[in-house]
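Trainee: Questions regarding the structure given below will be posed in turn.
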Amino acid sequence: MSTRDPDRRQFFARIVKTIQAAIGGTLGVVLGGSILSPSFSSREEHWLPAASLSGLPDNAPTPITLRIVREDGYSQIVDHRTVFLVKTGAEVIALDPTCTHLGCRVRWESEAHVLRCPCHGGVYDHLGNVKSGPPPAPLPRLATKIDNDQILVQI
Amino acid sequence: MARWYALFDWLDSRTGWRTGRRHLLEEPIPAGVGWWFVTGSVLLMLLGVQLITGVVLAMYYVPSPEHAYDSIRYIMERLTFGRILRSLHFFGASFIVVAAVIHMLRVVALGSYKKPREVTWISGVLLLLVILGFALSGYLLPWDQKAYWATTVTINIARSGPLGEFIAGLLKGGSTLGSLTLLRWYAAHVFLLPAALIGFVLAHLFLMRRHGISGMLRPVPGAPKPFYPYHALKDTIAGALVFALLITFATMFRAPLDAMADPSDANYVPRPEWYFLSLFQLLKYFPGPLEPVATMVIPGLVLGVLLLLPFLDRGPDRRFYKRPLVTSGFAVIGLSIIVLTYLGYKDTPAHANPAVWGPLPIAGAEFANDMRCQRCHVVGGVANPIVATRLTREPAWLVAHVRDPEMIGPGLREPPPGGMNEGQARSIASYLRKVRIGAPVPSVPEAEHRASIVFGRYCASCHMIDGEGGAVGPDLSRVGARHDAAWLKPWITQPDAVDPAASMPAFGEVLSEQEMAAIVAYLADRR
């Protein structure tokens with residue numbers, strides 16, 4: 001064995017590893033893109049007509065169910081989403097009824113005038129602000145706009 | 001770094017992985033073993049690519065007739081690099097067939113199958129069968145026209161052999177080719193065949209190590225060198241070149257996807273993938289009762305000869321010119337396969353590209369914009385937006401719905417005023433079929449667009465173009481070859497003035513001058 005042999009061997013080994021890394025890297029990009037892309041794609045947003053402004057009571061959250069066709073991977077599904085519309089004078093806010101604690105759906109209790117989460121007793125006022133219990137934040141609000149007495153909610 | 005070494009040392013003391021690695025990588029390779037001996041490694045690399053791309057495809061693919069096609073479209077159109085992913089898997093299959101045949105020919109040319117490597121050879125032939133099994137089961141999975149019809153033919157071929165009905169039933173899984181068939185072919189493709197493949201590859205590699213590499217015909221003087229990195233370098237370079245070619249193919253060409261499987265389509269002419277074309281062509285020479293000769297006897301004989309080759313050719317001489325029978329036998333079989341493949345390829349009819357839009361879908365896209373449709377088919381409306389509609393109803397239902405929307409739910413809601421005529425209904429159905437296969441809306445010249453709308457609204461109830469429309473009147477796909485514009489215009493204006501026996505209604509009063517000019521020019525151009 002000549003003295004140059006270990007060098008040669010190391011050099012060859014390095015070429016082998018480099019080429020294999022290049023093949024692996026190329027495949028990794030293709031496979032990684034395919035595996036990760038749906039996880040980080042954004043959902044489409046739509047303005048949906050929800051109710052007429054004049055028909056809503058003042059300061060009492062009214063549950064409205066919206067029907068939306070949503071992409072679910074390779075198929076389209078019909079999703080029903082409930083939002084609470086609260087009219088305060090000429091303005092309307094739309095509350096997402098998902099409790100900010102662990103994701104249960106809150107209910108409106110008209111006598112106590114609160115939104116209560118049935119899971120762990122979180123309590124919100126009629127505008128979605130936390131009154132008591134474990135929720136860490138107010139109920140999320142959805143964008144609304146009014147077009148000729150028609151309330152549109154962005155889902 | 002020192003910590004890592006400590007961890008590796010500990011692992012080695014418990015598992016002995018370093019000894020195993022050394023055993024795998026330091027196989028002594030006799031001097032003179034050159035590029036001829038890279039074929040197996042290239043095949044192994046391709047099988048690896050196929051395995052991992054297959055796993056990622058399985059994250060999205062749905063083995064059901066309702067969803068398989070849509071899930072493949074999702075992979076190709078919505079995933080980042082999804083098109084390349086599917087193309088790698090699709091073209092990878094062809095690369096593997098080619099690489100397997102080259103590897104086999106190398107083994108035959110250098111007589112590497114001879115004693116003591118008979119079982120290594122047999123495991124290789126079985127591996128080739130597993131690879132062909134993958135190819136066969138793989139192409140049903142997209143559930144497109146090619147998948148459906150090629151599988152129908154495969155199952156009918158199985159019927160021609162002994163125990164034919166039993167085997168056909170086993171392949172079909174149910175009384176007809178459908179969801180049960182797809183599920184069992186899927187299970188075979190992703191569970192049974194990979195298990196068999198991995199088992200046979202391991203056996204093949206184990207036997208290869210047990211008997212050592214067969215080496216060159218005449219020993220080359222010199223000491224053996226370890227496999228890694230000396231021969232591994234050649235393997236890696238060859239593998240990288242083949243991989244570069246594969247990724248170039250996968251990037252430049254789109255793996256084909258036909259229209260969705262339609263069991264009622266009588267016009268589709270199925271053709272197998274190129275590697276089965278020779279068998280397809282062979283079938284033509286043995287009609288009727290002789291069919292089993294082509295489907296069973298000849299392929300069975302070839303397979304039998306392959307399996308028994310090391311026992312039929314037992315002489316110690318590995319030089320191919322000293323084994324004239326084997327060499328000429330392989331030359332004859334090889335040439336026959338090449339000639340049959342060529343003849344089969346030449347006989348493949350060009351079938352209509354499902355992504356090309358005829359006049360009906362162009363008109364349908366326009367009609368579907370109508371307020372009568374958009375009233376319900378909108379985001380948040382009572383029905384899905386039309387582009388998001390998956391055409392799952394049968395055509396008759398769809399045509400009836402477009403003509404009379406109220407029929408889907410009488411009394412449930414106010415129906416839109418007035419339905420559409422049958423031609424418009426057919427146009428919308430045709431448009432929805434294009435939407436389903438994801439064919440991009442073409443931009444057509446103004447005159448063709450206008451003619452398409454006229455055709456959809458007034459002609460399609462009775463006439464057909466490119467297989468779509470009504471069958472009351474003559475097919476107009478090639479009408480320009482029979483009549484020119486000077487004949488067509490008076491005919492469309494007032495048919496009974498041209499031929500008193502004509503039963504076609506007159507359109508002179510119905511069409512505007514522009515519409516008449518557009519449809520006449522369009523039809524005269526269809527030759």
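The values are calculated or read from the model by the stated rules, or taken from the named source; none is laboratory data. For clarity, every value in this text was computed on a predicted model and none was experimentally measured. Methodologically, a virtual Cβ is constructed for each residue, glycine included, from the backbone with ideal geometry; neighbour enumeration extends over all protein chains shown.
Trainee: For residues that are more than 10 Å from chain B (Cβ to nearest Cβ) and closer than 26 Å to A:L56 by Cβ, scanning just the range A:69-86, find the one that is modelled with the lowest pLDDT.
Mentor: Only one residue fits best here, namely A:D79.
Trainee: Pull out all pairs, ordered by first then second residue, where Cβ-Cβ is under 9 Å, the residues are six or more apart or on different chains, the first lies in the range B:152-173 and is in the same structural domain as B:S137 (by TED's automatic domain parsing), and the second is assigned to a helix (DSSP H, G or I) and basic (K, R).
Mentor: B:I155/B:K172; B:E165/B:R159; B:I167/B:R159; B:A168/B:R159; B:L170/B:R184; B:L171/B:R184; B:K172/B:R184; B:G173/B:R184
Trainee: Follow-up question, since we're still on this one. How many of the residues in the range B:111-124 are out of contact with any His (no Cβ under 8 Å at 6 or more places or on another chain), buried (at least 20 other Cβ atoms within 10 Å of the Cβ) and either hydroxyl-bearing (S, T, Y) or assigned to a helix (DSSP H, G or I) (or both)?
Mentor: Qualifying residue count, the range B:111-124: 4.
Trainee: Sort through B:T80, B:T19 and tell me the only one that's part of a loop (DSSP other than H, G, I, E, B) and more than 18 Å from the chain's Cα centre (by Cα).
Mentor: Details: B:T19 fails: part of a loop (DSSP other than H, G, I, E, B).
Matching residue, one of B:T80, B:T19: B:T80.
Matching residues to (1) more than 30 Å from B:R318 (Cα to Cα); (2) in contact with a helix residue (DSSP H, G or I) (Cβ under 7 Å, 6 or more places away or on another chain):
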| position | (1), (2) |
| --- | --- |
| B:L105 | no, no |
| B:S123 | no, yes |
| B:Y148 | yes, no |
| B:L177 | yes, yes |
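Trainee: Looking at the range A:131-144, can you tell me whether even one residue there is at pLDDT 90 or above, touching a strand residue (DSSP E or B) at 6+ places or on another chain (Cβ under 9 Å), among the hydroxyl-bearing types (S, T, Y) and surrounded by fewer than 20 Cβ atoms within 10 Å (Cβ to Cβ)?
Mentor: Of all residues in the range A:131-144, those at pLDDT 90 or above come to A:131-144.
Keeping just the survivors that are touching a strand residue (DSSP E or B) at 6+ places or on another chain (Cβ under 9 Å) gives A:131-133, A:135-144.
This time we only want the ones that are among the hydroxyl-bearing types (S, T, Y), so: A:132, A:144.
When the remaining residues are screened for being surrounded by fewer than 20 Cβ atoms within 10 Å (Cβ to Cβ), the result is A:132, A:144.
Scanning the range A:131-144 turns up at least one residue that is at pLDDT 90 or above, touching a strand residue (DSSP E or B) at 6+ places or on another chain (Cβ under 9 Å), among the hydroxyl-bearing types (S, T, Y) and surrounded by fewer than 20 Cβ atoms within 10 Å (Cβ to Cβ).
Trainee: What number goes with the only condition from (1) part of a helix (DSSP H, G or I); (2) within 14 Å of chain A (Cβ to nearest Cβ) that B:G222 does not pass?
Mentor: The failed condition is (1).
Trainee: Follow-up. Which of the helices (runs of 4 or more DSSP H) found entirely inside the range B:129-193 contain at least 1 residues meeting this: aliphatic (A, V, I, L, M), farther than 19 Å from B:A58 by Cα and in contact with a Cys (Cβ under 6 Å, 6 or more places away or on another chain)?
Mentor: Here the list is empty.
Trainee: So, one more: For the range B:464-475, give me each residue that is free of Cβ contacts under 8 Å to residues at least 60 places away in the same chain and either surrounded by fewer than 18 Cβ atoms within 10 Å (Cβ to Cβ) or over 14 Å from B:R526 (Cα atoms) (or both).
Mentor: B:G470, B:A471, B:V472, B:G473, B:P474, B:D475
Trainee: Something else: Exactly one of these conditions fails for B:L197: (1) in contact with a His (Cβ under 9 Å, 6 or more places away or on another chain); (2) closer than 29 Å to B:L51 by Cα. Give me its number.
Mentor: The failed condition is (1).
Trainee: Could you list all residues from the range A:38-68 that are acidic (D, E) and under 30 Å from B:M76 (Cβ atoms)?
Mentor: Scanning the range A:38-68 gives A:E44, A:E45.
Trainee: Conditions first: (1) under 19 Å from the mean Cα position of the chain (by Cα); (2) free of Cβ contacts under 8 Å to residues at least 12 places away in the same chain. A:E109 passes all but one, so which condition is the exception?
Mentor: Here A:E109 meets the rest and fails (1).
Trainee: May I pose another question? Can you find a residue in the range B:3-16 that is farther than 21 Å from A:A13 by Cβ, over 40 Å from the mean Cα position of the chain (by Cα) and in contact (Cβ under 8 Å) with a residue 40 or more places away in the chain?
Mentor: No, the range B:3-16 has no match at all.
Trainee: Let me ask you something else. Before we move on, is A:W47 closer than 24 Å to A:I151 by Cα and touching a residue at least 60 places away in the same chain (Cβ under 8 Å)?
Mentor: When the stated conditions are applied, A:W47 passes them.
Trainee: Taking only the range B:238-259 into account, find how many residues are of a type outside the set (A, V, I, L, M, F, W, C) and farther than 30 Å from B:P354 by Cα.
Mentor: 1
Trainee: In the range B:444-462, which residues are part of a helix (DSSP H, G or I) and crowded, with 24+ Cβ neighbours inside 10 Å?
Mentor: B:A451, B:S452, B:V454, B:F455, B:G456, B:C459
Trainee: Within the range B:369-409, which residues are in contact with a strand residue (DSSP E or B) (Cβ under 9 Å, 6 or more places away or on another chain), assigned to a loop (DSSP other than H, G, I, E, B) and at pLDDT below 70?
Mentor: Answer for the range B:369-409, where residues must be in contact with a strand residue (DSSP E or B) (Cβ under 9 Å, 6 or more places away or on another chain), assigned to a loop (DSSP other than H, G, I, E, B) and at pLDDT below 70: B:G380, B:T389, B:R390, B:L391.
Trainee: Can you tell me which residue in the range B:241-271 is surrounded by the most Cβ atoms within 10 Å (Cβ to Cβ), limited to those that are in a loop (DSSP other than H, G, I, E, B) and of a type in the set (S, T, Y)? Give the steps one after another, and end with the answer.
Mentor: The first filter runs over the range B:241-271 and keeps only residues in a loop (DSSP other than H, G, I, E, B), leaving B:253-259, B:261-271.
Narrowing the set further to residues that are of a type in the set (S, T, Y) leaves B:264, B:268.
On the way: B:S264: 6, B:Y268: 16.
Once the filter is applied, the top-ranked residue is B:Y268.
Trainee: If you take the residues in the range A:100-126 that are touching a Pro at 6+ places or on another chain (Cβ under 6 Å) and under 10 Å from A:L139 (Cβ atoms), which one is surrounded by the most Cβ atoms within 10 Å (Cβ to Cβ)?
Mentor: A:V106
Trainee: Go over the candidates B:A331, B:A294 one by one and state the one that is out of contact with any Pro (no Cβ under 6 Å at 6 or more places or on another chain), exposed (fewer than 13 other Cβ atoms within 10 Å of the Cβ) and either part of a loop (DSSP other than H, G, I, E, B) or of a type outside the set (S, T, Y) (or both). Reasoning before the result, please.
Mentor: Working: B:A294 fails: exposed (fewer than 13 other Cβ atoms within 10 Å of the Cβ).
From the options B:A331, B:A294, the qualifying one is B:A331.
Trainee: May I pose another question? Just for the range B:228-286: of the residues that are of a type in the set (D, E, K, R) and at pLDDT below 95, which one is farthest from the chain's Cα centre (by Cα)?
Mentor: Here the answer is B:K284.
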